[in-house]
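Here's the structure we're looking at; comments come further down.
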Amino acid sequence: MKSGYFHTSDDAHLYYEVRGKGSPLLLVHGWQCSHVFWQRNVDVLAEDFCVVTLDLRGHGNSSKGLHGITIRQFAKDIHDLIEFLGLDNVVLMGWSMGGPTVLSYFKQFGSKHLKGLGLIDMTPFPFSPEPWNTQGLHGYNIDGFNAQVHRLIHDRLAYFEVFATNIFRNGKRPEGTEWVVEEFKKLPLNLISSSKILYVSAINNKKPAFSVAKYYLQKKLVLIYQGRMAIFMTLS
């Protein structure tokens with residue numbers, strides 16, 4: 001395994017890890033998470049791919065500066081990492097907030113360095129009133145969103161415990177997952193609410209992330225679709 005830090009174009013210091021050999025597969029974690037959340041996936045994937053993970057700025061082991069906590073900048077950071085590592089024909093996959101980040105990459109850089117895009121368990125528009133949307137913010141639930149931000153600011157440890165349970169299948173948190181909350185804590189309080197707000201604002205139905213996803217669906221470029229929230233698309 002190779003690991004270390006690289007400097008982004010605006011001088012943030014971001015942590016990354018590389019495992020395996022083969023075609024590059026870059027995995028982008030979700031909001032307030034880190035590269036550690038891929039730990040059950042990377043070893044198996046590394047048998048066939050060169051698997052790259054990172055901590056987005058503000059998250060995990062990466063620098064905690066106040067600037068650049070936006071979906072657009074996260075995508076730029078990924079572009080910087082791809083060029084730093086000299087990668088090409090990358091399959092870029094994003095989970096949760098990583099999904100809009102991946103789509104923002106395509107919006108900004110097109111297919112540069114990419115072979116494919118993947119979206120994992122994400123909702124392009126969490127306020128959508130459509131039946132497919134199982135998000136708690138379904139139906140333009142602004143009061144629910146404000147309540148989430150309030151809990152994050154005023155009782156974040158309790159929020160972390162609930163969130164840590166909800167990210168697991170059927171809302172059942174397995175034993176030995178105390179590390180989940182510890183990783184959440186690495187996103188500082190002064191960045192938590194701002195990143196949450198930016199995440200949601202970046203993925204409403206008039207913004208690039210949703211527009212790009214809608215474009216792919218309309219153009220029938222989605223090759224694999226499982227359930228509602230797992231999409232893989234090639235860029236050829």
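The values are calculated or read from the model by the stated rules, or taken from the named source; none is laboratory data. Since the structure is predicted, the reported quantities are computational estimates derived from the model, not experimental observations. All Cβ positions, even for glycine, are placed from backbone atoms using ideal geometry, and neighbour counts span all protein chains on display.
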Selected residue [touching a residue at least 40 places away in the same chain (Cβ under 8 Å), closer than 17 Å to residue 93 by Cα and within 16 Å of the chain's Cα centre (by Cα)] from 14, 26:
26
How many residues are out of contact with any Phe, Trp or Tyr (no Cβ under 9 Å at 6 or more places or on another chain), more than 18 Å from residue 185 (Cβ to Cβ) and part of a loop (DSSP other than H, G, I, E, B) if we restrict to the stretch 17-64?
3
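Working carefully through the options 101, 134, find the one that is assigned to a loop (DSSP other than H, G, I, E, B) and hydroxyl-bearing (Ser, Thr, Tyr). Give the derivation first.
On the way: 101 fails: assigned to a loop (DSSP other than H, G, I, E, B).
Going through 101, 134 in turn, just one is assigned to a loop (DSSP other than H, G, I, E, B) and hydroxyl-bearing (Ser, Thr, Tyr): 134.
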Cβ-Cβ under 6 Å, sequence separation 6+ or interchain: first residue in the stretch 135-148 and on the phi > 0 side of the Ramachandran plot, partner part of a loop (DSSP other than H, G, I, E, B) and hydrophobic (A, V, I, L, M, F, W, C). Which pairs?
140/127
If you go through 157, 152, the only one that is touching a helix residue (DSSP H, G or I) at 6+ places or on another chain (Cβ under 7 Å) and in a helix (DSSP H, G or I) is 152
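Would you check if residue 58 is at pLDDT below 90, out of contact with any strand residue (DSSP E or B) (no Cβ under 7 Å at 6 or more places or on another chain), within 18 Å of residue 6 (Cβ to Cβ) and among the small types (Gly, Ala, Ser)?
Taking the combined requirement at face value, the residue does not satisfy it.
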Of those in the stretch 65-81 that are in contact with a helix residue (DSSP H, G or I) (Cβ under 9 Å, 6 or more places away or on another chain), modelled with pLDDT of 90 or more and among the hydrophobic types (A, V, I, L, M, F, W, C), the residue nearest to residue 185 (Cα to Cα) is 74
Specify which of the listed residues (87, 25) is modelled with pLDDT of 95 or more, within 30 Å of residue 176 (Cβ to Cβ), hydrophobic (A, V, I, L, M, F, W, C) and touching a Leu at 6+ places or on another chain (Cβ under 8 Å).
25
Go through the stretch 104-118 and report how many residues are assigned to a strand (DSSP E or B) and touching a Pro at 6+ places or on another chain (Cβ under 9 Å).
1
Exactly one of (1) in a helix (DSSP H, G or I); (2) in contact with a strand residue (DSSP E or B) (Cβ under 6 Å, 6 or more places away or on another chain); (3) crowded, with 21+ Cβ neighbours inside 10 Å is unmet by residue 74. Its number?
(2)
